[in-house]
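See below for the structure under consideration.
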Amino acid sequence: MIDGRALRREFPVFEHNPGLVFLDSGASAQKPRAVIDGIAEFYRGDYANVHRGVYKLSARSTDLFEEARVAVRDFLNAADECEIVFVRGATEGINLVSYSWGGAFLRAGDEVVISDVEHHSNLVPWQMACQRAGAKLVVAPTDETGEFDLGAFEALLSRRTRMVAVTHVSNVTGTVLPVENIVRLAHEVGAKVLIDGCQAVPRMPVDVQAIDCDFYVFSGHKAYGPTGTGVLYGRRDVLEAMPPWQAGGGMITSVEYAGTEFQEPPHRFEAGTPDIAGAVGLRLAIGFIEGIGRGAIQEHEAALTDYGVDVLSRIPDLRLVPGGQRRLSILSFNLDGVHPHDVGTVLDQHEVAVRVGHHCAQPLMDRLGVAGTVRASFGIYNDRDDIDRLAAAVEACREMFSR
């Protein structure tokens, strides 16, 4: 079993904020000392630009950068490191696919299917891609319990379906989508599948070969790594068929005024100087996660989720947003008669940090009939005491506004 309280010693933020109950890991996770110190050490002793220098320092920096790519390959169980593209975050990875793959393969009359629990980053890029191509955006529903409706999804699929883009774990409800079944059904009609794994990668095992998806994206900062880092996994044959989406140094083999030849993936999609230290930090974060074990993390956070549902459900006037039969690490709720921002402000006075608002999922908020919610999201450093502190703070808020 994971001891969240003991793990906090690995995170300097809790030394500087000793009373903090941090329940906003779904937005961005705190950073362990191994990542913070490792990045600083890289800048002190190993930094140089990559892929260009023949001197030892550049070669060493290049090795560390490419070793990070191999670490991500192993982390996702990709078949080859050439399937790992470094990006600035999941948002950039999704935009890369929507512009490059979408521009090459999406045509008028085609359809892109998303779920109704998508983050804007996995909605707006496909909305824009459909507008450019004259294609149609189709929304697959979750039911009233928060469960993804696999039957309704299957009924929406047809030979017009070219892309299915869904989240692995909802950033609002914590719903775990049945991605293996989604991929299987999509592939049966010849569609490609992109999965937004931002909320899944830090807290559960992910095997892209077992899932059999065509694309998988995640952001480093949600996985205890640095901001400005992220990964796009793409199946090799699919990436090889896609044109570059940005041009510049590092992604070419030769340039003449008459035309340019581009590198093979992944470098074809990595124009310009990359975030070298960020990649090093991401590798360290992956090592930190693997040192604990994603199976153990999933068990720990699933237990916290169940406990959170039980405790919060007992609070009068509190309404939990349904998350289906499988939800993980994220609980959204509202307090009757109290605006989410007011709840968040009162909780902050009790040193409980949560996220409030629409969580970049406005269409889902519209379906739920609310302007926003209060969202508590867990990390490896949380424990039951944190949930008890959350519940006590919510009770204090309820009493304050019921006077």
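The values are calculated or read from the model by the stated rules, or taken from the named source; none is laboratory data. Keep in mind it's a predicted model, so treat the numbers as computed, not measured. So basically every Cβ, Gly included, is an ideal-geometry build from the backbone, and we count neighbours across all protein chains shown.
General observations
- Scanning the range 244-269 for residues that are exposed (fewer than 12 other Cβ atoms within 10 Å of the Cβ) and among the hydrophobic types (A, V, I, L, M, F, W, C) returns a single hit, ALA258.
- Which listed residue is in a loop (DSSP other than H, G, I, E, B) and of a type in the set (Asp, Glu), from GLU264, GLU180: GLU264
- Among the conditions (1) without any contact (Cβ under 8 Å) to a residue 12 or more places away in the chain; (2) under 20 Å from HIS221 (Cβ atoms), ARG44 misses just one, which is (2).
- Exactly one residue out of VAL217, VAL255, VAL201, VAL231 is among the β-branched types (Val, Ile, Thr) and assigned to a loop (DSSP other than H, G, I, E, B): that is VAL201.
- With respect to being within 20 Å of ALA223 (Cβ to Cβ), touching a helix residue (DSSP H, G or I) at 6+ places or on another chain (Cβ under 9 Å) and in the same structural domain as LEU137 (by TED's automatic domain parsing), ALA68 fits the description.
- Per the listing VAL138, VAL54, VAL72, the residue uniquely β-branched (Val, Ile, Thr) and surrounded by fewer than 17 Cβ atoms within 10 Å (Cβ to Cβ) is VAL54.
- Screening ALA68, ALA104 for residues that are touching a residue at least 60 places away in the same chain (Cβ under 8 Å), more than 22 Å from the chain's Cα centre (by Cα) and closer than 24 Å to THR253 by Cα leaves exactly one candidate, ALA104.
- Residues in the range 360-403 that are part of a loop (DSSP other than H, G, I, E, B), crowded, with 19+ Cβ neighbours inside 10 Å and touching a residue at least 40 places away in the same chain (Cβ under 8 Å): ALA361, PHE378, GLY379, ILE380, TYR381, ASN382, ASP383.
- Hits in the range 348-391 (condition: under 28 Å from PRO32 (Cβ atoms) and hydrophobic (A, V, I, L, M, F, W, C)): VAL352, ALA353, VAL354, VAL356, CYS360, VAL374, ALA376, PHE378, ILE380, ILE387, LEU390, ALA391
- THR161 being more than 17 Å from GLU111 (Cα to Cα), polar (S, T, N, Q) and in the same structural domain as THR229 (by TED's automatic domain parsing): no
- The condition of being of a type in the set (S, T, N, Q), in contact (Cβ under 8 Å) with a residue 60 or more places away in the chain and part of a helix (DSSP H, G or I) holds for only one of SER61, SER98, that being SER61.
- Sole residue being outside the structural domain of ASP196 (by TED's automatic domain parsing), at positive phi and either surrounded by fewer than 15 Cβ atoms within 10 Å (Cβ to Cβ) or without any contact (Cβ under 8 Å) to a residue 40 or more places away in the chain (or both), chosen from GLY272, GLY324, GLY357: GLY357
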